[in-house]
1. It is to be established whether one or more residues within region 355-368 are under 21 Å from H302 (Cβ atoms), out of contact with any helix residue (DSSP H, G or I) (no Cβ under 6 Å at 6 or more places or on another chain) and in a helix (DSSP H, G or I).
2. Quick one: in region 132-142, which of the residues that are of a type outside the set (K, R) and within 15 Å of I81 (Cβ to Cβ) is most open to solvent (accessible area, probe 1.4 Å)?
3. Filter region 369-392 down to the residues that are without any contact (Cβ under 8 Å) to a residue 24 or more places away in the chain and either outside any helix (DSSP H, G or I) or not basic (K, R) (or both) and list them by number.
4. If we scan region 388-395, do we find a residue that is over 27 Å from the mean Cα position of the chain (by Cα) and either modelled with pLDDT under 85 or charged (D, E, K, R) (or both)?
5. I'm trying to understand the selection: among the residues of region 275-307, which are surrounded by fewer than 19 Cβ atoms within 10 Å (Cβ to Cβ), of a type in the set (S, T, Y) and at pLDDT 80 or above?
6. Can you name the condition, by its number, that A335 falls short on among (1) open to solvent by less than 50 Å² (accessible area, probe 1.4 Å); (2) under 22 Å from E266 (Cβ atoms); (3) among the aliphatic types (A, V, I, L, M); (4) at pLDDT below 90?
7. Which of the residues spanning region 89-131 are of a type in the set (K, R) and either buried (at least 22 other Cβ atoms within 10 Å of the Cβ) or in contact with a Gly (Cβ under 9 Å, 6 or more places away or on another chain) (or both)?
8. Hey, any hits in region 407-417 for a residue that's closer than 22 Å to V429 by Cα, in a helix (DSSP H, G or I), open to solvent by less than 80 Å² (accessible area, probe 1.4 Å) and charged (D, E, K, R)?
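The values are calculated or read from the model by the stated rules, or taken from the named source; none is laboratory data. As the structure is a prediction and not an experimental result, all values here were calculated from the model. Here the Cβ positions follow ideal geometry from the backbone for every residue, glycine too, while neighbour counts run over all protein chains shown. Just so you know, the surface numbers come from the protein's heavy atoms only, side chains and all, with ligands and any DNA or RNA stripped out. Shrake-Rupley method; radii C 1.70, N 1.55, O 1.52, S 1.80 Å.
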Amino acid sequence: MQAANFHPNNSPTAVHPPGDPVRASVIHLMSKACSLPCTAAALAFNQLVQPTARFQLALDALLPLLSGNGELPQRILVSYILYSLYATHPIAMNPFKIAFAEVFIRERDHAKSEAERNAASENEQLVWVLWKILKGDGNDLGPYSPTTLARSPLPPKLRASQLTFDDEATFHNIEEQYESSEQSPLTNGSSLSPTTSRSQLTRLSPAPKSYTPGHSTPVDETNPEHVNRAKNLLLAARFRVLTLSEQRTVAATLQTLGSNPIVSSEDLPSLTANNPTLAHPLIVSLLAVSESPSFTGSRNAHAYLEVLKQLPPTLPSFDIIGRLLRDITPAENPATGARTTVGELIRSDVLGAFVLNAIGWVEGAEEDEREGLISDDRVSKGVQNLCRFYNSLIKLDIVDPASDADSTEMAHFALSHSRFEEANALYRVLVMGKF
C-alpha cells in the first residue's frame with residue numbers, strides 16, 4: 001500500500017449506494033458472466049470491487065439474487081462468488097454459510113415435493129452446487145461455467161433428495177432457537193430478502209444456544225461452537241464495527257485465535273480502521289511469545305510489522321500504535337530472535353517507518369490538493385493528528401526531541417507546516433529539546 005495514494009473514499013468504511021457505477025457494473029456482470037468459468041467471473045468481481053467494500057456489496061447486491069427466484073445460472077454464479085470471497089478459510093468461517101444452508105434446505109425440500117409428484121425441480125443443480133460448497137468442495141466448481149453446471153444432468157445418488165451436509169442438525173437447532181425467541185429471519189421460506197441486514201446475517205452465524213444477541217455471555221474457549229462464533233466475528237470485524245458484546249466475544253478467545261491466526265497481515269488495515277480497540281489485543285496475541293507448538297503468530301511477525309508501518313495517519317492508526325508502544329507483553333524480535341516486549345518491538349521496528357509513511361501520506365495529499373484532485377480537509381487533519389501524536393510520544397519519553405535521529409524529519413515537517421497551530425507547537429518543543 002502506498003501511503004500517498006490513500007484517500008477516504010478508499011477507506012474500509014466505503015460503501016456503494018444503489019446508483020453507484022460499481023454496483024451497476026456488478027449487476028451487469030451477474031447477467032453476462034454465466035458463460036464464463038466460475039473462477040473467471042469471481043476474479044472479475046474482485047477486480048470491480050475494492051476489497052474493503054466486497055462484503056457489503058455482496059450482501060446488498062448478490063445475496064438477494066441467491067435467495068430469490070431468478071435464473072438458475074445466475075444463482076449458481078452468485079453462490080460461487082459468495083463462496084470464493086472466503087475460499088482461503090474453512091467453510092465454517094464463511095459469513096454466508098448460513099445463507100447457503102437456508103437456500104439449500106429450502107430448494108431441496110421443494111425438490112423432494114416435486115419428486116413425490118413424479119416431477120423434477122428446475123433447481124436441482126443449484127442444490128448440488130450448494131451441497132458442494134457446504135461440504136468445503138467449492139473449488140471443484142471453479143473450472144466450469146454456471147451455464148454448464150445448470151445444464152449438467154445429475155446421477156441418482158446426487159439428486160437433491162439424496163443430499164445432506166454434515167452440520168445440518170446444527171443449522172436446524174439455530175433456526176429453532178431463533179424461532180422460539182420470535183427473532184428468526186429463517187421463517188416463511190424467504191428469509192434472506194433484499195432487506196436482510198448485516199446484523200441479521202451476523203446474528204445467524206453458528207452460536208451456542210446460551211448466546212443472545214446484545215447480551216454478554218461468558219465464553220468457553222474449549223467449546224468449538226464458541227470459538228467458531230468468535231472466528232466468524234473476527235472475520236466480520238474487517239468490514240464493520242463490532243458491537244461491544246461481539247468485541248467481548250472475540251476478546252475472550254484471542255489467546256486461542258492467536259495460536260492459529262485466521263487473520264492475515266493484509267486484513268490488519270481494515271480491521272484496525274473499524275475496530276482499533278479489538279485490533280490492539282489481536283496484534284499483541286499475534287506478536288506475543290508462546291510456548292505452544294501450534295503457535296504460528298510470532299513466526300509471521302515480520303509481515304504484521306510491515307503492515308503496521310504502512311497504516312495511514314488516521315485517528316484509529318495513531319490509537320493502535322500508541323497502545324502497542326505502551327504494551328509490555330513479552331515478544332520476540334523476528335530479525336534477531338532476541339526476547340523483548342511488544343512495546344519495544346514496535347518502537348524499534350515500526351515507529352520510525354510509520355512516522356515517515358505518515359509524512360509521505362500528508363505530502364502526497366498536499367500534492368493532490370494543489371492539482372485540484374481533492375478539496376476536503378484531509379491535509380489539515382493529517383498535519384494536526386500527526387503533530388499531536390508525536391507530541392504525545394515526547395511527553396511519554398518514547399522519543400527524544402534532543403536526538404537528531406528521532407526528531408530531524410518531524411522538525412522539518414513541523415516547520416514546513418507551521419501555519420497550523422499543532423505543527424507550530426511541536427516545532428517549538430523540538431527546538432527547545434535541542435538545548
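1. Yes; the residues of region 355-368 include at least one that is under 21 Å from H302 (Cβ atoms), out of contact with any helix residue (DSSP H, G or I) (no Cβ under 6 Å at 6 or more places or on another chain) and in a helix (DSSP H, G or I).
2. Step one: of region 132-142, the residues of a type outside the set (K, R) are 133-134, 136-142.
Checking the rest, the ones that are also within 15 Å of I81 (Cβ to Cβ) come to 133, 138-139, 141-142.
Values: I133: 0, G138: 0, N139: 97, L141: 3, G142: 1 Å².
Only one residue tops the list, namely N139.
3. Just the residues of region 369-392 that are without any contact (Cβ under 8 Å) to a residue 24 or more places away in the chain, to begin with: 369-373, 375, 377, 379, 381.
The answer is E369, E371, G372, L373, S375, D377, V379.
4. First, pick out the residues of region 388-395 that are over 27 Å from the mean Cα position of the chain (by Cα): 388, 390-395.
Filter once more, keeping what is either modelled with pLDDT under 85 or charged (D, E, K, R) (or both): 388, 395.
Yes; the residues of region 388-395 include at least one that is over 27 Å from the mean Cα position of the chain (by Cα) and either modelled with pLDDT under 85 or charged (D, E, K, R) (or both).
5. Scanning region 275-307 gives a single hit, T277.
6. (1)
7. Initial filter on region 89-131 (of a type in the set (K, R)): 97, 106, 108, 112, 117.
Those that are of a type in the set (K, R) and either buried (at least 22 other Cβ atoms within 10 Å of the Cβ) or in contact with a Gly (Cβ under 9 Å, 6 or more places away or on another chain) (or both): K97, R106, R108.
8. Step one: filter region 407-417 for residues closer than 22 Å to V429 by Cα, giving 407-417.
If we keep only those that are in a helix (DSSP H, G or I) too, we end up with 407-416.
Still in the list and also open to solvent by less than 80 Å² (accessible area, probe 1.4 Å): 407-408, 410-411, 413-414, 416.
Next cut, charged (D, E, K, R) only: none.
No - not one qualifying residue is present in region 407-417.
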